[in-house]
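All remarks here apply to the structure that follows.
Values in this text are rule-based calculations from the coordinates and carry no lab data. Computed from a predicted model, the values in this text were never measured in an experiment. Glycine also receives a Cβ, built like all others from the backbone with ideal geometry; neighbour counts cover every protein chain displayed.
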């Protein structure tokens, strides 16, 4: 199951995350900020990736610098506890899902960062 999301295009999966936030009145810029915080990519790189052939798995495997506080991101995504996932790559994917969930619930990127930087 996990392998399928790894092989999907970055543009399609990330586009779905952006669409989720936008449906709730939030912006692509908010999603970009939390994704950049998590992975160490610049927001400009994220925009470039939307125009590339990059897979979602490659996006996470090649992340330049995961945030040291990302392990504070816990809870359930799709009914599964993030911290109990055995696959480290899937943990990173679900951490981004959790951050985007907070954005979709109306939190600002700074409020999201503050939540996990304690």
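Pairs meeting the criteria (first residue in the range 64-81 and on the phi < 0 side of the Ramachandran plot and touching a residue at least 40 places away in the same chain (Cβ under 8 Å), second residue surrounded by 10 or more Cβ atoms within 10 Å (Cβ to Cβ) and part of a loop (DSSP other than H, G, I, E, B), beta carbons under 6 Å, at least 6 apart or on different chains) are 69/117. Among the helices (runs of 4 or more DSSP H) confined to the range 10-89, the ones with at least 1 residues that are surrounded by 11 or more Cβ atoms within 10 Å (Cβ to Cβ) and touching a strand residue (DSSP E or B) at 6+ places or on another chain (Cβ under 8 Å) are located at 10-23, 56-61. Against the conditions (1) part of a loop (DSSP other than H, G, I, E, B); (2) closer than 26 Å to residue 7 by Cβ; (3) in contact with a helix residue (DSSP H, G or I) (Cβ under 7 Å, 6 or more places away or on another chain), residue 93 satisfies every one except (1).
Each row is one residue, and each column tells you yes or no for (1) under 15 Å from residue 95 (Cα atoms); (2) without any contact (Cβ under 8 Å) to a residue 60 or more places away in the chain.
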residue	(1), (2)
3	no, yes
8	no, yes
16	no, yes
21	no, no
25	no, no
30	no, no
35	yes, no
39	yes, yes
44	no, yes
